[in-house]
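Laboratory data are not the source of any read-out in this text; all were calculated from the coordinates shown. What you see is a predicted model, and the numbers here were worked out from it, not measured in a lab. Cβ: placed from backbone, ideal geometry, glycine included. Neighbour counts: every protein chain shown.
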Amino acid sequence: MLYSTFQVKNLVFKNRWIMLAMHTGFAEGNAISQRELAFYEERAKGGAAAITLVIAVNAAGKLKGMHDARNLSVESLQELSARIHQHDCKLIVQLFHCGRNESQKDHGKRPLFAPSPVPSPIFKAEPMEMDADELAKTKEDFSFAAVFCKNAGADAIEISASAGYLLSAFLSPITNLRQDAYGYENNKGTTYPLEILQAVRESVGACPIFLKVSGAQMVPEGYELQDTIIFCREAAAYIDAVTVTGGWHESPTEQLSYYVAKGAYAPFGGAIKKYTGLPVIACNRIHDGETAQRILEEKQCDLVGTARAFLADPQFAHRIEHKERFLPCQGCNRCIAGVLKGEVLQCAFQPEAGQEFFEQQRRKIATRKEVIVIGGGPGGMEAAKKSAERGFMTTLITEEDCLGGQFNLAGKIPHKKDLLAYVAYMEETLKNLGVKIVLGKKCSATFLLEKKPYFTVVATGSQAARPAIEGAQQGILANDVLAGKCTLPPQSNEGQLVIIGGGSVGLETAAYIKEQDSGRRIKVVERSSSFGRDLGALASPLLSSLRSAGVQLMADTQVEKLEEGKAFISIGGQPFFLQADDVIFATGSQPCDYADLTMPLMDERLSYALVGDAEAIGCGGDAIHAAYELFTRLYLA
């Protein structure tokens with residue numbers, strides 16, 4: 001079913017995979033650039049039935065790094081259409097207006113418009129209430145943009161009314177406080193969005209029109225699913241299909257991360273399909289073939305929408321069809337977090353995303369020169385991959401008996417097992433590229449000096465650090481718990497496990513232990529005032545789940561010393577102690593010692609570079625990008 005055709009009006013899709021709209025931030029000037037053309041064409045080549053390009057209807061409605069229809073070269077859009085069509089892929093253009101959803105800094109001198117002057121809880125700036133002239137002008141801009149895109153080769157037009165952007169803001173009693181005909185009290189705010197849809201329909205004639213909606217606002221006192229169904233029923237006079245996502249960006253309920261079950265929001269689409277009869281594109285956390293096939297068979301949708309799966313692996317749809325291993329989206333939210341900050345789109349695990357045009361310029365080197373990569377973690381694997389792709393004879397050496405480094409530990413954390421699929425993908429990729437992989441061997445300076453490689457990459461990673469407190473030798477390391485190198489003692493009547501460190505490692509170790517033993521009492525102690533700073537927005541769902549599981553979180557708490565069965569702490573200068581069945585350290589990392597390798601290389605004037613934690617402590621995505629960027633420079637040198 002997933003690879004059967006589907007027809008919407010006169011538009012036939014070769015399979016059910018739709019690449020959804022993503023704001024890339026790649027736009028520069030008034031033409032779709034070679035960078036953008038290459039980015040989208042790679043995903044058309046990869047088997048998508050349709051690619052969705054987002055274009056603002058006017059300058060006031062665009063985000064930083066986005067094109068708007070009033071200032072876009074028609075020739076460049078025609079070229080994108082032609083290049084996508086070469087691969088039997090359709091072009092959907094989403095017409096977009098950000099409304100209040102951008103920071104004033106990124107929006108510059110352009111006004112932020114909204115139904116009412118209600119600030120976004122994310123972006124804070126107070127928008128201007130749209131007056132009659134601005135309402136009329138924006139409606140005209142939607143019509144103009146629709147005709148412009150249709151004439152430039154778009155196969156369908158999608159109208160954005162989701163996630164808190166302009167048109168969806170009319171539908172909410174929270175953001176639409178108007179007292180005129182467009183107020184929420186008049187037909188629940190649907191009047192203006194419906195007028196937009198009518199105007200677009202009158203402008204483009206028989207061209208297919210899609211409507212993108214949030215199934216529910218998922219914000220307290222916001223609009224509900226039944227409201228969206230009513231809106232879609234009214235919109236059916238003008239549209240041909242509905243793209244159904246989850247809530248708004250500001251929703252306290254997770255929308256996109258690995259805390260959302262795969263296909264969790266497809267039932268929104270199923271309800272809209274059932275009660276409107278319209279074809280539906282389901283969205284949110286559909287990153288594998290099994291999930292897509294399931295929700296199609298359950299009649300939750302007719303087409304399957306995903307953006308980040310294609311971001312992570314341009315060949316995503318093709319590889320699933322041919323039962324090949326693919327690079328899975330991890331749901332880590334690095335992409336959306338950056339875009340919401342006005343940054344250029346980036347995938348933590350696919351550093352080539354957005355770099356396709358530049359990669360096409362970097363031809364493979366005809367060489368027998370050798371590169372040795374030391375370390376099998378994310379940085380080492382990416383370095384070996386890029387080295388082999390550039391044409392170097394590549395050997396990867398790691399002391400461990402498998403590839404993956406600390407991803408093998410992180411993959412044991414609840415919701416993060418897809419990290420192990422990433423490791424498997426990279427291992428297969430390296431083998432296919434002819435990389436020689438040496439496991440269970442410590443690379444020595446003697447070996448390097450005998451081989452005299454053209455270049456050496458030191459990606460030896462980091463090791464957990466113990467805090468400088470009295471009795472620290474009595475505690476165990478969080479990494480050793482995850483690796484199964486130690487056995488936790490039985491829970492005593494009054495004791496508990498005390499985890500020192502409230503960053504990602506400490507919190508996720510608590511989640512791992514709770515999954516193994518739900519009755520285990522755990523306290524996480526953090527010397528600062530907040531937990532999970534290194535997790536960003538992902539801290540909130542993790543902290544919520546830990547609290548629900550009974551894990552106690554103690555902020556502003558300093559651990560002074562450890563004695564057998566006790567952890568002595570101070571809070572606001574006042575001393576206390578905790579009964580501790582055991583103490584687990586999650587107190588940061590330090591680079592593994594690599595001087596025994598690099599000093600001899602320097603003495604012999606052999607070139608090398610550090611990547612990942614060996615260079616600077618960071619996350620796996622940082623290591624992957626550092627390795628990729630190293631080989632862009634090495635190739636060009």
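Think of the chain as having a plus end and a minus end, set by charges on the Cβ of Lys, Arg, Asp and Glu; of Phe96, Leu419, Gly205, Gly205 sits farthest toward the positive end of this dipole.
Can you compute the charge dipole magnitude of the range 466-587 about its Cα centre, using +1 on each Lys and Arg Cβ and -1 on each Asp and Glu Cβ, nothing else charged? Give it in debye, rounded to the nearest 20.
Details: 11 positive and 14 negative charges, 41 e Å.
Dipole magnitude for the range 466-587 comes out near 200 debye.
For the range 299-429, the extents of the C-alpha atoms along the principal axes are 53, 37, 37 Å, listed from largest to smallest. For the range 32-50, the residues whose backbone nitrogen is under 19 Å from a point 7 Å from the Cα of Arg110, taken along Cα to Cβ, are 32-33, 36.
Residues of the range 384-415 with an amide N closer than 20 Å to a point placed 7 Å from the Cα of His322 along the Cα-to-Cβ direction: 389.
Within the range 534-637, which trypsin sites (Lys or Arg not before Pro) sit in a loop by DSSP and count at most 13 neighbouring Cβ atoms inside 10 Å?
Arg605
Approximating the spin labels as points 7 Å out from Cα along Cα→Cβ, the Tyr3-to-Thr253 distance works out to 3.5 nm. Once the Cα atoms are used to define both axes, helix 504-516 deviates from the longest principal axis of the chain by about 90 degrees. For the range 330-378, the list of trypsin sites (Lys or Arg not before Pro) that fall in a loop by DSSP and count at most 15 other C-beta atoms within 10 angstrom reads Lys341, Arg362, Arg363, Lys364, Arg368, Lys369.
Among the GluC sites (Glu not before Pro) within the range 538-637, those in coil by DSSP and having at most 13 neighbouring Cβ atoms inside 10 Å are Glu564, Glu604.
Mind checking the dipole of the chain: about its Cα centre, +1 per Lys or Arg Cβ, -1 per Asp or Glu Cβ, Debye to the nearest 20?
Numbers: 66 positive and 74 negative charges, 230 e Å.
About 1100 debye.
Counting only the Cα atoms, the range 6-358 fills a convex hull of 117 Å³ per residue.
Pairs spanning more than 27 Å between alpha-carbon atoms, out of Lys139/Lys274; Lys323/Lys385; Lys150/Lys274; Lys273/Lys417: Lys139/Lys274; Lys150/Lys274; Lys273/Lys417.
Which of the listed residues, Met130, Pro117, Asn58, is farthest toward the dipole's positive end in the range 6-358, when Lys, Arg count +1 and Asp, Glu count -1 at the beta-carbon? Farthest towards the positive pole: Asn58.
So between Phe577 and Arg362, what do we pick up on full extension, going 0.36 nm a residue minus the alpha carbon distance? Walk me through the numbers before you get to the answer.
Numbers: separation 215, 0.36 × 215 = 77.40 nm, distance 6.02 nm.
Once the chain is fully extended between Phe577 and Arg362, it gains 71.4 nm.
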